[in-house]
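These notes concern the structure reproduced below.
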Amino acid sequence: MQIAPPTRAMKRRIRRNKLKTFFSKPQNVILLLLGIVLTITTIAPIVAITQDTFAIHAGTIDENLTQRNPEKYPSYYPKGSNKGYSFANYIDLFTSRLAKKNLWRPLGNTLLLSTISCVVSILFGGFFAFLVTRTNLKFRKYLSSIFIFPYIMPQWTLAVVWKNLFYSNAVTHSADGLLASVFKITMPAWWCQGLFPSAMVLGLHYAPFAYILIGGIFRNMDANLEEAATILDTPRWKTMFRITLPMIKPAILSTVLLVFGSAMGSYPVPHYLNFETLSTKYISMNDKYSGEASILAIIMMVFGVAILLANQLTLKSRKSYTTVTGKSGQISRFNLGNAGKYVIGAIFIVITFFTSIYPIISFAFETFLPNPGDYSFLYTGNIANLTTKWWITAENVTENGMYGQFGMLYNKTIWHAYGGTMLVSVACALTAGTIGTLIGYAVSKNRRSKWANYVNNIAFLPYLMPSIAVGVAFFILFSNKYVNLFNTYWLLIIVGTVKYIPFASRASLNSMLQLSGEIEEAAIIQDIPWFKRMFRIIVPIQKSSIISGYMLPFMTCLRELSLFMLLCTQGYILSTTLDYFDEMGLYAFSSGINLILVITILVFNTVVNKLTGASLDEGIGG
Amino acid sequence: MKKVLALVLALIMVLSVVACGSQSTETKPAETKTETKPAETKTETKTETKTEEKKDEPKADAAPLSLVQQVIKEAQGLTLEELAKKAIEESNGATFYGVGNSSRGKSALPKFIEYLQSLDANYTLNFEWQQPKNNKIFDQLTADSLKEKGTFAVTLIQDGNQIESKMVRTGILDTFVPLDWAKANGIAPEDWKGYLPLQTLNKVFEYNCTGEKTFTNCWDFVAEGEHGLFMDIDSEIVGKNFLYMLTADKYAGYLKDAFDKLDPAKQAALQPVIDELQEDAADLGLGENGAYGLAWIKLWVESYAAVEDDGPICNTLVQNSATDQFGLLVYSKLRSVEESDSVSKNNIKVAAYQDGYNGIGGYGYCHYMFVPDNSPLPWTACAFIAYITCTVDGFSAWGKDMGGYSSNPEVAKGTEEKYQHSKGGMNAAGEVEFECKNDRGYDWWVNNGQLVIEDPEYCANVAFTVGSWIEMLTKYKVK
């Protein structure tokens, strides 16, 4: 029997039914909508900044070159427009006498800084993870919780602590830091400024990433493989390089993925420690070389994309290590010896004291010094060399050496900024957390779909783009004739949301993938609506990861500077206010704000941890 | 994934090209000047901002005045009180947005509102004052200028070079010269050439005097082994303008004179650098002493230790441990130093105040007042500018501290009478307690202290000649 070919009406009906079936699945609707929205929010700023690299800016090098030498630098002005375009910025940046100074050296420095930061964070965080999870180290619980403090604090605070500790008149031509003034020890220049301190500070800041990611694998790793190697008399180094390292390779790659992009876009650390990178160069070139500065931002973005591609490639080759199931209950702990477990524990207590506790004590102490960096009290013991003025001055601010500022308890600028920070952080956490969770859910449901894969990647891309470049791109996008969002909370919330969705989407996706489809299917059979399924089944089961997906954007947003510094003025949010006071040399205020931030984060983390059982450790990197 | 990314990248490029070609055609006449050469543009802009000149010599192709320019033209003929009445009419109950490089606009606005309320008790005005960092003020004003009606009513802005090339030549900002201010300076508003300065700030050479070292000549600051503390020229652009100005005939002449007063040994050490730069000076079209300017710039850029802000420089220099250190910093920073066992203002000496000192004592730059060409409240902006430039109370937000000098001679005099900065370092008994805090005033600094004063036009003209030459120098790094 021959089947009659479908008529046009039938085809239409089939198409309609297919569409109906497609849209009847909430995950498809989520993916379609978020795919479109995220494509726009990710691509539009890139387009805006790309356009800026071709634009001719008044009073900058591109205008000068196109006017002075129109043959070498031809320009194009669309009819009736005052805005011209040319390749002058590209030609000049890549070929002028300043190319080495403006491009190649900062680029080289940036790559070095990012690479060394990765190495430091992986070695320090990875080794610590090994000690905590695979040995009988003492004080594990204390060390584990204190180790993540540097990540909680704004990254440049460690840089400021570094300066306060190691600078000296003899080497850096500044006032003596603590080490020089109290112990008369002067550190060499390479230790005080440049690549080494910048990489160390960033490495220490991001070491918690490595600790949590690598620690997660160590914790679940099947020790049978290593034991088999030991039985076969395999040398220890061979076991390490052929078994242990390949097992933790995915975590190392994830750490590289997260740290490289973040370090590349860091502005404050290299700025404070006098190291020239693409980020610092972007800021310094912005007056005369605006278009060329935008090219630097594009270059940073290209590296972000390249890292994502590299990660995709390594993901494919990771198949050969799927023997690691993570299901074994056998975790053997190396014995550090009776003395060793205490000695090594004590060493880490000292190290983490300087990376986690000392900065907080130092911030608190700074707020009682009569002048910024004036440590008279320490070597005279004279209580008159301490003051509470930075906290409680409420009048005569021009006469009390207050630089025109009210004490912190009465300082409206600081508390207004605190309110702004809370607003932005809560809004970003709610929107990024919700969108990220939905993406995780939808992608896990359609895990073989190319579109789902695309949405997952486009949502992750902004995280890999350096913060400063993302900030620049959004500033350019929203500074036009129709929309001018500079210095509005709207802009900060939009940018923060786009940048922090990956935190939530990764945490959510990884946990949703563990969730069997049967659970939801049972509810579908009973015709339970999607909202009810989500709130009664999915969310309660994955509560911990989902809350982490909200907490991470919140905490990161609280102390974010590089992303927001070009989008609002100081006094709008705490991080820009902190940076302002730091640059002005009013360390009492910046230290006080740091304390406020750290306390806020710790209180929130503790409250959420007590209420829900979720903590920061569980969320990083999913 | 690779395909998707390739597609995305291709899309970016296509969209960029499309975006490049689809720019709005709604442009203001004043903005269509970017195709002209700088010299020509300058002439045109001057014609535009000097409204009275236009009236006297009408040109067939002269651009019509914008609404704000018309207001300014009228406002320049009114006294402060008349302007205040116009402001009350215009902005009662409104919100006034200002943007500036100085945070003190925020302190000045409540006083301005009080003044308007003294004329009309029912008057109210909300206000917001923004102080962008990292040179963003220019981007912010440029972005705001694209709107028909802008956000910002007024701006207080520094860096004459960028103001000239990015703000004035492009028609984004307009100059308003208050009648009372012009009278105090003995001219008519329309005769004033240039922008309206609110005040001049000075950055001066100061050195720590806890050791034996003294600095008696400005060339001592660039001698071998010296590393002055200075805000990096890429962080604070007015520092670059200072260096540009050293190549101007007047200041290059100051440097030559100071060089001539050095002892022969020091001259011999410096002479090769000056000789080497004669050719560059000629190439850059500088005057006969241009090489002295270039030599000082080269030695300074290659030796100064960069610091993020003047605050930390001051905090460093006043410490006992900063023996023999020196810096070039905002003079007024001394106002907030508190005495302690290891910190004292008496650890500081202002180089130019010392007997026998020769050469430049520092540099001065202005805070200028402008009305954006799309200001939503132009009358109120003009009244605010008149209030802070023509009254001691209005200027007090800045005038209460040393090191900031009003451009209005009457206000400057009134400020000195009220705050007595020239005796700022005296104690109640009239004895000198902190010599460095006795501010000798603007006239002294310009005439005796050889303060290098920023000239926006000169800076804009050499930004891509001398400026590019400076960028080729290698900055100092601690070793």
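Throughout, read-outs are computed from the coordinates displayed, never taken from laboratory work. The shown structure was predicted, so the numbers you read here are calculated from the model rather than taken from an experiment. Cβ atoms come from the backbone with ideal geometry, glycine included; neighbour counts cover every protein chain shown.
A few remarks follow.
- Over the residues of chain A, the helix contribution to mean residue ellipticity at 222 nm works out to -21000 deg cm²/dmol, using -39500 (n - 2.57) for each DSSP H run of at least 4.
- Extension gain for the segment residue A:522 to residue A:21, taken as residue separation times 0.36 nm less the Cα-Cα distance, is 178.5 nm to one decimal.
- Partners for residue A:610 among aspartates and glutamates (Cα-Cα distance below 17 Å; same-chain residues under 8 apart left out): A:618
- In this entry, the stretch A:56-96 is assigned a mean projected area of 2.7 nm², taken as a quarter of its C-alpha convex hull surface.
- Taking 18 Å as the straight-line reach from the Cα of residue A:499, the aspartates and glutamates in range (excluding those fewer than 8 positions away in the same chain) are A:560.
- Kirkwood hydrodynamic radius (C-alpha pairs) into Stokes-Einstein, the stretch A:99-366, 10 °C and 1.306 mPa s, D in µm²/s: 78
- Full extension of the segment from residue A:349 to residue A:97, taken as 0.36 nm per residue of separation minus the current Cα-Cα distance, would add 85.7 nm.
- Over chain B, dividing the summed -39,500 (n - 2.57) contributions of all DSSP H runs of at least 4 residues by the number of residues returns a 222 nm mean residue ellipticity of -12500 deg cm²/dmol.
- Over every Cα atom in chain A, the radius of gyration and the widest Cα-Cα span, Dmax, amount to 27.0, 106 Å.
- Simple spin-label estimate for residue B:147 and residue B:187 in nanometres, 7 Å along Cα-Cβ: 3.4
- Dimensions of the protein assembly as shown along the principal axes, based on C-alpha atoms and rounded to the nearest Å, stand at 103, 83, 64, largest first.
- For the stretch B:81-109 versus the stretch A:100-143, the gap between their alpha-carbon centres in whole angstrom: 52
- Förster radius 22 Å - calculated FRET efficiency between residue A:189 and residue B:223 (Cβ-Cβ, nearest 0.05): 0.60
- Pairwise centroid distance, computed over Cα atoms, of the stretch B:329-363 with the stretch B:232-282, Å: 23
- Taking the stretch B:216-244 and a reference point 7 angstrom along Cα→Cβ of residue B:354, the backbone N atoms nearer than 17 Å belong to B:216-229.
- Normalised by 2.2 N^0.38 Å, where N counts its residues, the alpha-carbon radius of gyration of chain B equals 1.06.
- Förster radius 45 Å - calculated FRET efficiency between residue A:447 and residue A:609 (Cβ-Cβ, nearest 0.05): 0.90
- With 27 Å as the limit, the listed pairs B:149/B:183; B:261/B:333; A:163/B:133; A:412/B:133 have B:149/B:183; B:261/B:333 beyond it between alpha carbons.
- Nonlocal amide H pairs with residue B:373, under 5 Å, H built at 1.01 Å: B:173, B:174
- Listed pairs B:106/B:418; B:213/B:256; B:437/B:477; A:100/A:184; B:193/B:475; A:72/B:166 exceeding 28 Å between Cα atoms: B:437/B:477; A:100/A:184; B:193/B:475
- In this simple spin-label approximation, residue A:515 and residue B:417 carry label points 7 Å from Cα along the Cα→Cβ vector, and these lie 7.8 nm apart.
- Rough spin-label spacing in nm, given labels placed 7 Å along Cα→Cβ, for residue A:423 and residue B:429: 5.5
- Bridgeable aspartates and glutamates around residue A:25 (alpha carbons under 20 Å apart, same-chain partners fewer than 8 residues away excluded): A:518, A:520, A:521, A:527.
- Rounded Å value of the spacing that divides the Cα centres of the stretch A:1-46 and the stretch A:285-307: 38
- Between residue A:410 and residue A:242, full extension at 0.36 nm per residue minus the direct alpha carbon distance yields a gain of 54.4 nm.
- Annotation: the antiparallel percentage among DSSP beta bridges lying fully within the protein assembly as shown is about 60.
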